[in-house]
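This report refers to the structure that appears directly beneath it.
Bear in mind that the values in this text are calculations on the coordinates, not laboratory data. It should be emphasised that the depicted structure is a prediction, and the values quoted were computed from it without experimental measurement.
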Amino acid sequence: MTATTGSAGLVRVLASGAAVPPPDELRIFPGPPLALPGSLTERAITVDQTHRSVVVGEHVVVKWLSPPLPAPQRAPELLEHLAEVGFARTPRPYAALYRGTDLRALVTGFLPGALDGWEWATNDLLAELDGGPPAAIGTPLGALAGELHVALATPSSVLPTPVATSGTAGWMDQGRRAFDQALDLVDGEDGSWLAARAGRIRADLTLPPGPTAVQRLHGDLHVGQILRWDDGYAVIDFDGNPAAPQDLLEPAARDVAQLLTSIEHVAAIANKQTGHAYGVAVREWITRERAALLAAYRPPAGALLDDALLLGFETAQECRELLYAARFLPRWRYAPMEVLRRRYPLAD
């Protein structure tokens, strides 16, 4: 089976209850079985993504991992856990396709009308700046993140002990390395600006000592992972962030910090598209929506969040964004640099 010819065939086999040809193996997630779509027409999802996703019959999405992911894999385990505890705010997981211990594909439900957050959130902000309704993105993001963290902290047969207690030593090591490497790679005016503020940025790459709650997380929770579709909002992509450490148990603050910084990245995108014509309004929007996100997150999941960890994790996230841009996507550098310039307006 291949991403170009095998998606419909995989869906047909899954709906029939038959076995896939060896050496592949299908592992079925909890829940009602997949019904065969009325059409098996395939179309590729063309937005930027690491792997390739194919929609079959406007009913099912087959995500082909390229290359296949060796064991251990985060997504199948977390999707099985979420299905067992009844979390329904993610596309319905149906099955995972393996070859030996390598994960080849995930089969999930298709959400009609879905747009990822880089599109819908940016469009909402641009509309507000143009005199339209408020771009109230923080409340749905925070509520969804809170429900997700509560579900991930609920015991299941997959994760019988999902929450523990840990110290914070070592969690900022990767963020510090990312900043040091970014300092070496970022040139020109941006590089000089970073060097002048290196001491202040490094000072924020710290966490208060002491025990805090840790649990399984999404691992790469930004607005691009939140779909707005015909029936609401859903979270996708539990593969984790390849640019961040993948500890099994981490503080909820890491997910929340990344989601908060992605609000600021939406603002940077809108600023770029409008030539920074609405600077004051955008700053006010950032403050408003960050506060709304935290206010919506706390009712379901507040006990899981250690607020004292947010600054360190947010700073580490921006350093990772900057390093990613320097290594792989230079056109993205403006976004983390805009966030850092706003946070560190004066030299040491």
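For segment 190-310, a/c is not less than 1.5, where a ≥ b ≥ c are the root eigenvalues of the C-alpha gyration tensor, and a/b does not top b/c. That puts it in the oblate class. In the calculated pair-distance distribution of segment 144-187, the portion above 15 angstrom amounts to 66 percent of the Cα-Cα pairs.
Calculated mean residue ellipticity, 222 nm, the chain: -14000 deg cm²/dmol, from DSSP H runs (n ≥ 4) at -39500 (n - 2.57) each, averaged per residue and rounded to 500. With only Cα atoms counted, segment 6-100 has Rg and Dmax values of 13.2, 35 Å. Computed over Cα pairs, the Kirkwood radius of segment 242-329 leads via Stokes-Einstein (0.890 mPa s, 25 °C) to a diffusion coefficient of 171 µm² per second.
When Rg and the Kirkwood radius Rh are both evaluated on Cα atoms of the chain, their ratio Rg/Rh stands at 0.98.
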